[in-house]
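The values are calculated or read from the model by the stated rules, or taken from the named source; none is laboratory data. Just so we're clear, the structure is a prediction, and the values are computed from it rather than from any experiment. Note: ideal-geometry Cβ built from the backbone for every residue, glycine included; neighbour counts use all protein chains shown. Quick note on the areas: whole protein, heavy atoms, side chains included, nothing else; ligands and nucleic acids left out. Shrake-Rupley method; radii C 1.70, N 1.55, O 1.52, S 1.80 Å.
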Amino acid sequence: MENKKLHNGDLYLPNDATIEKQQFQYLDQLYDYNQTRPTEMTKRQVLLAKMFAEIGADCYIEPPFHSNFGGHHVHFGSHIYANFNLTLVDDTHIYVGSRTMFGPNVTVATAGHPILPELRAQGYQYNAPIHIGKNCWFGAGAIVLPGITIGNNVVVGAGSIVTKNLPDNVVAVGNPCHILRQVNAHDREFYFKDRRIKPELLS
């Protein structure tokens with residue numbers, strides 16, 4: 001049975017024996033996933049289906065993969081790609097839309113701790129869910145903080161720290177992450193610097 005304190009946003013102490021017992025079971029599965037060989041693709045898919053709250057077809061997560069609850073609170077659409085060292089701090093729910101891509105060393109963190117020293121010294125924690133839309137791309141080393149909602153077709157630049165919600169169809173960069181521009185007509189002509197997109201790719 002799910003522990004409500006993980007998901008209601010209230011402060012709680014995470015060293016609860018019931019929580020830890022469940023968490024270790026999920027982390028054992030995560031350990032098994034990270035020990036798979038590159039050729040054991042079927043085994044990886046079977047493990048991911050057991051580990052995640054939801055996972056669609058044709059998702060690929062390159063080990064090592066890190067997750068506080070082994071993906072137990074993660075909801076993936078289909079055709080999601082994650083390069084190595086994806087870290088999902090899934091103390092509460094993380095939702096990711098189909099065809100989203102994660103570069104190396106991306107962190108998506110739902111857990112936080114109080115700023116007030118007295119509370120933090122006691123070990124208090126809170127969790128806030130994260131919602132990521134469809135067809136997004138997170139550059140290497142990007143970080144998404146608790147409670148964030150990101151729209152569809154968003155590009156988050158490498159090394160960015162997302163501290164505020166992002167709407168659909170934007171390129172956002174920096175620390176703190178800010179909207180650089182809209183996805184625009186230039187992006188329909190060039191895919192990288194002066195490299196042109198072949199028209200037949202869009203037909």
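Overview of values
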item: Residue list for segment 136-152, filter: surrounded by fewer than 17 Cβ atoms within 10 Å (Cβ to Cβ) and not hydrophobic (A, V, I, L, M, F, W, C); result: Gly141, Thr149, Asn152
item: Segment 149-176 residues that are over 22 Å from Thr110 (Cβ atoms) and in contact (Cβ under 8 Å) with a residue 12 or more places away in the chain, paired with ones that are in a loop (DSSP other than H, G, I, E, B) and acidic (Asp, Glu) (beta carbon under 7 Å, 6 or more apart); result: Asn153/Asp168
item: Hits in segment 1-28 - residues which are part of a helix (DSSP H, G or I) and not charged (D, E, K, R); result: Leu6, Ala17, Thr18, Ile19, Gln22, Gln23, Phe24, Gln25, Tyr26, Leu27
item: Residue within segment 163-184 that is touching a strand residue (DSSP E or B) at 6+ places or on another chain (Cβ under 9 Å), surrounded by 14 or more Cβ atoms within 10 Å (Cβ to Cβ) and at positive phi present; result: yes
item: Failed criterion for Tyr31 (all others in (1) assigned to a loop (DSSP other than H, G, I, E, B); (2) open to solvent by 40 Å² or more (accessible area, probe 1.4 Å) hold); result: (1)
item: Tally, over segment 1-28, of residues that are over 14 Å from Phe69 (Cβ atoms), under 21 Å from the mean Cα position of the chain (by Cα) and surrounded by 12 or more Cβ atoms within 10 Å (Cβ to Cβ); result: 1
item: Which numbered condition Ala158 misses (of (1) open to solvent by 60 Å² or more (accessible area, probe 1.4 Å); (2) more than 17 Å from the chain's Cα centre (by Cα); (3) within 21 Å of Asn83 (Cα to Cα)); result: (2)
